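In what follows, a single structure is set out as structure tokens and then discussed.
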Amino acid sequence: MSDKDTYAAGMKVRRKILGDAHVDRAEANKTPLNREFQEMLVRYGWGEVWTRPGFDHRTRRILVLGTMMAIGRWEEFDMHLRAALSDGMSLDDIKEIMLQQAIYCGLPVTNTAYHHLDAVIAELTAKGVKINRGSN
């Protein structure tokens, strides 16, 4: 597959996972300084990794959310959490990710994650996004 094809495949998955509004903002914020990085991110992250057949998108989301908690990248956690909830991932699933990470990353990390979850739920609810509350 050519770099152009990989980029196109990556952009398609990126839009599916993060939504058009997020990707459109990111594209509008490209500058001559960050353009190559942004294009590499789409080709490599979204085009090479997220398109692989080994894991479905749900599994990749779980891994990303847990990893962002583990390394304390709260802006990325919020972005992926927002996308997951907007796409119908249930609060039951989110809770399981957070409880799993509490064991391996620590209780303070999960406490912080719950604060972020509350803020993202409030933000999405205010925008009219229906949250899949599962059994919660």
**Prompt:** How large, in percent, is the carbon and sulfur part of the accessible surface of the chain at a probe radius of 1.4 Å?
**Reply:** 56 percent
**Complete:** To the nearest Å², the heavy-atom accessible area per residue of the chain with 1.4 Å probe amounts to 60 Å²
**19 Å reach of a label modelled at Thr125, 7 Å along Cα-to-Cβ, counting backbone N of the range 54-95** = 78-79, 81-95
**Item:** Modelled FRET efficiency - R0 25 Å, Val49 with Arg25, Cβ distances, 0.05 increments
**Value:** 0.70
**Fill in**
Between the Cα axis of helix 74-86 and the main Cα principal axis of the chain, the angle (0 to 90°, nearest 10) is 80 degrees
**Accessible area of Tyr114 in the full protein assembly, 1.4 Å probe (Å², nearest 10)** = 80 Å²
**Heavy-atom SASA rank of Glu96, Glu123 (probe 1.4 Å, accessible area, largest first)** = Glu96, Glu123
**Request:** May I ask you to derive the FRET efficiency for Phe37 and Asn111 from their Cβ-Cβ distance with R0 = 22 Å, giving the value to the nearest 0.05?
**Result:** 0.10
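The values are calculated or read from the model by the stated rules, or taken from the named source; none is laboratory data. Remember, predicted model here, so these are calculated numbers, not experimental data. Please note: Cβ atoms are built from the backbone with ideal geometry, for glycine as well, and neighbour counts cover all protein chains shown. Protein only, heavy atoms only, side chains kept; ligands, DNA and RNA dropped before computing areas. Shrake-Rupley method; radii C 1.70, N 1.55, O 1.52, S 1.80 Å.
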